[in-house]
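Everything on this sheet refers to the single structure shown next.
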Amino acid sequence: MQTKRVVPMRPSAFVEHKLVTALLDGTYPPDSTLPNERTLAAQLGVTRPTLREVLQRLSREGWIKIQHGKPSRVRDYWAKGGLSLLGTLAEHARFIPDNAIRHLLEIRVLFMPAAAAQAATAAPEAMAACLEPGGRLADDTRSYASFDWQWQVQAARSSGNPFFPLILNDFAAVFKQAGRRYFKEPSARAASRKFYLQLRDAISTGDTGIEKLVAAAMHESIAIWKTIEG
């Protein structure tokens, strides 16, 4: 019988996991301070250079504020952090509150309808081809979560606006985590399947109401998410 090989975490990945978990579970709440480097490195069983590397990365993402000569201070990362912390946050999905996902979906409504409309004008054939499989997806969470991300990436890249992909990339990890949960709901899969076909047909016929169509679908996804929250 073969056993699955367990790949050990790199020291820096281990430190990041332990520290972010401690930040999110309230061990180190906002405005508290971390132990000094010597103490924290000893607690985690790593070298100070390894710890310092992770602290610098967490500082760049907005989790902590490094104070030279003093222990690092925990920031109010929800209020003062940057989009770059979303990827790290997604790796600790159990700590993401449901309303945070709803807020993220609300942000998506602000740019994805415009991206899709521009993509439909700039690259209609590519968009229609991308959406074509949407009506015959396997009725399971994984298939829908993967496809939903693919069409959004295609729309952002085909829009002609270089900032749309950059914005979407920052949301990638959290959107994928949310998608796995969202598409467990049968009504979410049904609504999305209908939307993919409507969007494909609208693009193929040169419909000028694509921005409204996408916005309506995304508002519907927020309503469905609220039922999941509840």
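Derivation of every value follows stated rules applied to the coordinates shown; laboratory data play no part. The structure presented is a predicted model; accordingly, all values stated were derived computationally and were not measured. No Cβ is skipped: glycine too gets one built from the backbone with ideal geometry, and neighbour counts run over all protein chains shown.
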*asked:* Using a Cα-Cα cut-off of under 15 Å, which aspartates and glutamates could be cross-linked to K70, ignoring same-chain neighbours fewer than 8 residues away?
replied: D31, E37
_Order of W149, W225 under a 10 Å beta carbon neighbour criterion, fewest first_ = W149, W225
*asked:* For K194, give me every one of the lysines with a C-alpha distance below 16 angstrom, ignoring sequence neighbours fewer than eight places off in its own chain.
replied: K212
*Cα-derived Rg to Rh of segment 11-89, Kirkwood definition*: 0.92
*Ranked highest first by the average count of other Cβ atoms within 10 Å around their residues, in what order do 115-121, 137-143 fall?*
115-121, 137-143
_Proximal charge balance of L40 [Cβ under 12 Å; K/R count +1, D/E count -1]_ = +3
*Return the calculated 222 nm mean residue ellipticity for the chain, to the nearest 500 deg cm²/dmol, obtained by summing -39500 (n - 2.57) across DSSP H runs with n ≥ 4 and dividing by the residue count.*
-22000 deg cm²/dmol
*Of K18/K226; K65/K226; K18/K80; K18/K65; K65/K176; K184/K226, which sit over 25 Å apart, Cα to Cα?*
K18/K226; K65/K226; K65/K176
*Work out the charge dipole of the chain with +1 on the Cβ of Lys and Arg and -1 on the Cβ of Asp and Glu about the Cα centre, then indicate which of A116, A13, L85 is farthest towards its positive end.*
A13
*If you add up the charges near S204, with Lys and Arg at +1 and Asp and Glu at -1, over every other residue whose beta carbon is less than 15 angstrom from its beta carbon, what do you get?*
-3
*Go through 203-214, 178-189 and give me the packing order, highest mean Cβ count within 10 Å leading.*
178-189, 203-214
*Among (1) 49, 42, 37; (2) 65, 49, 33; (3) 54, 42, 30, find the value of Cα extents along the principal axes in Å that was calculated from the structure presented, and write down its label.*
(2)
*Using only the Cα atoms, work out Rg/Rh for segment 98-229, with Rh taken as the Kirkwood radius, to two decimals.*
0.93
